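Enquirer: Structure in structure tokens, see below.
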Amino acid sequence: QVQLVESGGGLVQAGDSLTLSCAASGGTFSSRAMAWFRQAPGNEREFLAAISQIGRFTYYADFVKGRFTIARDNAKNTLFLQMDSLDVEDTAVYFCAAHRTTRAGVAVVLNREASEYSYWGQGTQVTVSS
């Protein structure tokens, strides 16, 4: 039911900042935990950050902590990822995802497995040049 569309990717220089957006439609956005993942060619999809239904809880992968910030605006059905201090290793396709359930609680956010998320956007390319 949930449809997600990412935007905001592009080509940036190392050290630059970029904000990604994920527009949700189809309902139940505010009742689901949301997350950002990324995938580089030949690599597994990796977890970046998750946020609970109203943003009470957030959780970040260690390698983005302090650089990336996840946020949501439920009134606008939009998820955001603010990325600072980008480097070449951040080059990947970035995906937003909605949790497979409407379960609440911090445990949902702390589970970084991609299989816990059932609704995915098409991805937006982020390329960081040196």
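The values are calculated or read from the model by the stated rules, or taken from the named source; none is laboratory data. As the structure is a computational prediction, the values presented were derived from the model and not from experiment. Note: ideal-geometry Cβ built from the backbone for every residue, glycine included; neighbour counts use all protein chains shown. For accessibility, only protein heavy atoms count, side chains too; no ligands or nucleic acids. Shrake-Rupley method; radii C 1.70, N 1.55, O 1.52, S 1.80 Å.
Enquirer: Test THR101 against the criterion of being in contact (Cβ under 8 Å) with a residue 24 or more places away in the chain and farther than 20 Å from VAL12 by Cβ, and give yes or no. Quick ask: steps written out before the conclusion?
Expert: Details: in contact (Cβ under 8 Å) with a residue 24 or more places away in the chain: yes; farther than 20 Å from VAL12 by Cβ: yes.
Yes.
Enquirer: Just to verify a result, which residue in the stretch 2-29, among those that are among the β-branched types (Val, Ile, Thr) and part of a loop (DSSP other than H, G, I, E, B), is least open to solvent (accessible area, probe 1.4 Å)? Before the answer, list the steps.
Expert: Step one: filter the stretch 2-29 for residues among the β-branched types (Val, Ile, Thr), giving 2, 5, 12, 19, 28.
From the residues that got through so far, the ones that are part of a loop (DSSP other than H, G, I, E, B) too are 2, 28.
Values: VAL2: 14, THR28: 61 Å².
Filtering the stretch 2-29 for residues that are among the β-branched types (Val, Ile, Thr) and part of a loop (DSSP other than H, G, I, E, B), the one least open to solvent (accessible area, probe 1.4 Å) comes out as VAL2.
Enquirer: Give me the residue from the stretch 30-47 that is over 19 Å from PHE80 (Cβ atoms) and of a type in the set (S, T, N, Q) and, out of that set, least open to solvent (accessible area, probe 1.4 Å).
Expert: GLN39
Enquirer: Still on this structure, I have one more. Considering each of SER85, SER17, SER52 in turn, give the residue that is among the small types (Gly, Ala, Ser) and closer than 21 Å to VAL2 by Cβ.
Expert: SER52
Enquirer: Another question, if that's okay. If you check ALA61 against the conditions, is it out of contact with any Ser or Thr (no Cβ under 9 Å at 6 or more places or on another chain), open to solvent by 70 Å² or more (accessible area, probe 1.4 Å), under 14 Å from ALA35 (Cα atoms) and of a type in the set (A, V, I, L, M)?
Expert: Spelling it out, it is not the case that ALA61 is out of contact with any Ser or Thr (no Cβ under 9 Å at 6 or more places or on another chain), open to solvent by 70 Å² or more (accessible area, probe 1.4 Å), under 14 Å from ALA35 (Cα atoms) and of a type in the set (A, V, I, L, M).
Enquirer: Another question, then. Looking at ASP62 and the list (1) within 24 Å of ALA107 (Cβ to Cβ); (2) in contact (Cβ under 8 Å) with a residue 40 or more places away in the chain, which single condition is not satisfied?
Expert: (2)
Enquirer: Of all residues in the stretch 30-54, how many are in a loop (DSSP other than H, G, I, E, B), touching a residue at least 60 places away in the same chain (Cβ under 8 Å) and within 17 Å of THR101 (Cα to Cα)? Don't jump to the end; show me each part of the working.
Expert: From the stretch 30-54, those in a loop (DSSP other than H, G, I, E, B) are 32-33, 40-45, 52-54; that's our starting set.
Filter once more, keeping what is touching a residue at least 60 places away in the same chain (Cβ under 8 Å): 32-33, 45.
Narrowing the set further to residues that are within 17 Å of THR101 (Cα to Cα) leaves 32-33.
So the answer is 2.
Enquirer: Return the residues of the stretch 104-115 that are part of a loop (DSSP other than H, G, I, E, B) and surrounded by 13 or more Cβ atoms within 10 Å (Cβ to Cβ); say none if nothing qualifies.
Expert: Those that are part of a loop (DSSP other than H, G, I, E, B) and surrounded by 13 or more Cβ atoms within 10 Å (Cβ to Cβ): ALA104, ASN111, ARG112.
Enquirer: So is THR127 more than 13 Å from the chain's Cα centre (by Cα), β-branched (Val, Ile, Thr) and not in a loop (DSSP other than H, G, I, E, B) or not? Outline the logic, then answer.
Expert: Numbers: more than 13 Å from the chain's Cα centre (by Cα): yes; β-branched (Val, Ile, Thr): yes; not in a loop (DSSP other than H, G, I, E, B): yes.
So THR127 fits the description; yes.
Enquirer: Assess whether GLU89 counts as being farther than 19 Å from SER129 by Cβ and surrounded by fewer than 17 Cβ atoms within 10 Å (Cβ to Cβ).
Expert: It is false that GLU89 is farther than 19 Å from SER129 by Cβ and surrounded by fewer than 17 Cβ atoms within 10 Å (Cβ to Cβ).
Enquirer: Sort out for me the strands (runs of 3 or more DSSP E) sitting completely within the stretch 55-95 that have 1 or more residues that are within 14 Å of the chain's Cα centre (by Cα) and not hydroxyl-bearing (Ser, Thr, Tyr).
Expert: Of the strands (runs of 3 or more DSSP E) lying wholly inside the stretch 55-95, those with at least 1 residues that are within 14 Å of the chain's Cα centre (by Cα) and not hydroxyl-bearing (Ser, Thr, Tyr) span 68-73, 78-83.
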